[in-house]
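Undergrad: Have a look at the structure that comes next, please.
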Amino acid sequence: MKRRDFLKQTALGAAAVGAAAGCSGPGGGPDGKASGGPKAGGRRVIWRLASSFPRGLDTIYGGAEVLAKEVEAMSGGRFKIRPYPAGEIVPGLQVLDAVQQGTVQVGHTASYYYTGKNPALAFDTSLPFGLSARQQVAWMEQGGGAELLDPIFADFGIKRFLAGGTGAQMGGWFNREITSPEDLQGLKMRIPGLGGDVMSRLGATVQVLAGGDIYPALERGAIDATEWIGPYDDEKLGFHKIAKYYYYPGWWEPGPTLSFYVGRKQWETLSPEFQAIFSAATAVATRFMQSRYDALNPAALVRLKQGKTELRAFPDSVMAAAREKAEALFEEQAAKDAAYRKILEPWKKFREESFGWFATAEKAYAAFAFR
Ligand code: CA
């Protein structure tokens with residue numbers, strides 16, 4: 001989709017939603033009451049979902065659409081979720097607040113957007129020089145991560161579910177070459193989360209912008225560089241038209257995962273059947289997102305390389321300087337926040353062991369076969 005069409009569609013969508021929201025109110029229930037209600041199993045439930053992502057991204061935003069479709073199918077149409085892209089109900093970076101305040105029942109977002117509220121939220125998404133996609137899911141689902149993070153989310157009145165991931169991300173689009181850590185001095189870059197903190201410590205000027213706001217900022221020179229996701233999504237947002245160098249890897253996001261948030265009070269209004277349906281649907285959405293990225297990124301990378309894009313690997317000097325800053329940042333945070341340390345220590349142990357395992361069969365195969 002052309003960017004102009006995408007913006008137009010978003011604007012039209014916003015107008016339509018404004019009208020609809022006026023009718024149904026924040027609860028969105030068909031009877032005008034807050035949706036769900038006590039013992040909601042026998043009646044219809046209609047929930048609203050606010051996503052942090054633009055509708056045009058069929059990969060990442062598509063995960064929310066899959067959730068909605070699955071919930072509706074599995075419940076025989078008795079439980080519906082209406083997804084809204086970033087900016088239609090709330091701005092992309094205010095999804096956590098919207099769920100916390102009950103403006104929407106479901107959020108679809110990346111927890112590291114909210115590290116300003118609690119730095120430990122980064123563990124739910126990705127940390128610089130942290131876990132790969134499979135390692136992150138293993139830690140969260142089977143390695144104790146979810147249990148460690150649940151109390152953090154409970155503080156916000158939120159229950160979180162895995163919502164898929166992107167795989168290792170690209171380092172992003174730069175309008176000048178980065179040959180040493182010194183080249184990051186004064187660089188104005190859009191990069192959220194801890195990656196942004198590390199870049200800042202390396203001398204860059206960091207901004208956090210939601211997906212739809214990046215292109216105009218890069219185009220008018222308000223930023224010199226931006227990271228986003230990977231070839232397929234980045235191509236859709238058009239960054240290759242306005243920046244020449246495409247760097248890799250995104251060492252700040254080696255395997256980020258997205259999350260669905262549900263307000264805990266809202267969750268308790270669901271029948272056990274609808275709770276089970278929602279949980280199962282998040283698993284379908286999770287599988288959809290990662291597989292779609294892995295299927296679509298290869299061809300997008302070929303297209304970008306055939307165009308004007310120049311692919312560059314971050315030099316080891318930049319990677320090493322960034323890793324040093326990242327590890328120092330983790331320790332500083334842990335020193336002033338016992339709750340953070342309680343997550344960091346087992347996470348580091350998991351990382352060490354997992355790196356040891358993946359450095360064996362996975363790495364040997366990749367090193368030989370992928371080159
Ligand atoms: Ca990214």
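The numbers here are math on the coordinates, done by the rules we state, and not lab data. Just so we're clear, the structure is a prediction, and the values are computed from it rather than from any experiment. So basically every Cβ, Gly included, is an ideal-geometry build from the backbone, and we count neighbours across all protein chains shown.
Condition check ((1) closer than 17 Å to G250 by Cβ; (2) touching a Phe, Trp or Tyr at 6+ places or on another chain (Cβ under 9 Å)) across all residues:
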{"position": "E182", "(1), (2)": "no, no"}
{"position": "L187", "(1), (2)": "yes, yes"}
{"position": "G193", "(1), (2)": "yes, yes"}
{"position": "G196", "(1), (2)": "yes, yes"}
{"position": "M199", "(1), (2)": "yes, yes"}
{"position": "G203", "(1), (2)": "no, no"}
{"position": "V208", "(1), (2)": "yes, yes"}
{"position": "G212", "(1), (2)": "no, yes"}
{"position": "A217", "(1), (2)": "no, no"}
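Undergrad: Show me the strands (runs of 3 or more DSSP E) found entirely inside the range 157-244 where at least 3 residues are surrounded by fewer than 23 Cβ atoms within 10 Å (Cβ to Cβ).
TA: Result: 158-165, 205-207.
Undergrad: Which residue out of S180, S200, S259 is more than 14 Å from the ligand (Cβ to nearest atom) and within 15 Å of the chain's Cα centre (by Cα)?
TA: So the residue among S180, S200, S259 that is more than 14 Å from the ligand (Cβ to nearest atom) and within 15 Å of the chain's Cα centre (by Cα) is S259.
Undergrad: Please find, among L209, L237, the residue that is within 13 Å of the ligand (Cβ to nearest atom), hydrophobic (A, V, I, L, M, F, W, C) and either without any contact (Cβ under 8 Å) to a residue 60 or more places away in the chain or at positive phi (or both).
TA: Testing whether each residue is within 13 Å of the ligand (Cβ to nearest atom), hydrophobic (A, V, I, L, M, F, W, C) and either without any contact (Cβ under 8 Å) to a residue 60 or more places away in the chain or at positive phi (or both) leaves just L209.
Undergrad: Then there's this: Collect the residues in the range 254-301 that are over 21 Å from E227 (Cβ atoms) and not in a helix (DSSP H, G or I), keeping them in residue-number order.
TA: Hits for the range 254-301 are F260, Y261, V262, G263, L270, S271.
Undergrad: Moving on. Where in the range 316-371 are the helices (runs of 4 or more DSSP H), entirely inside, with at least 2 residues that are under 23 Å from G195 (Cβ atoms) and of a type in the set (F, W, Y)?
TA: Here the list reads 338-358.
Undergrad: Would you point out the residue of the range 130-156, among those that are assigned to a loop (DSSP other than H, G, I, E, B) and surrounded by fewer than 24 Cβ atoms within 10 Å (Cβ to Cβ), that is farthest from the ligand (Cβ to nearest atom)?
TA: Among them, the one singled out is G144.
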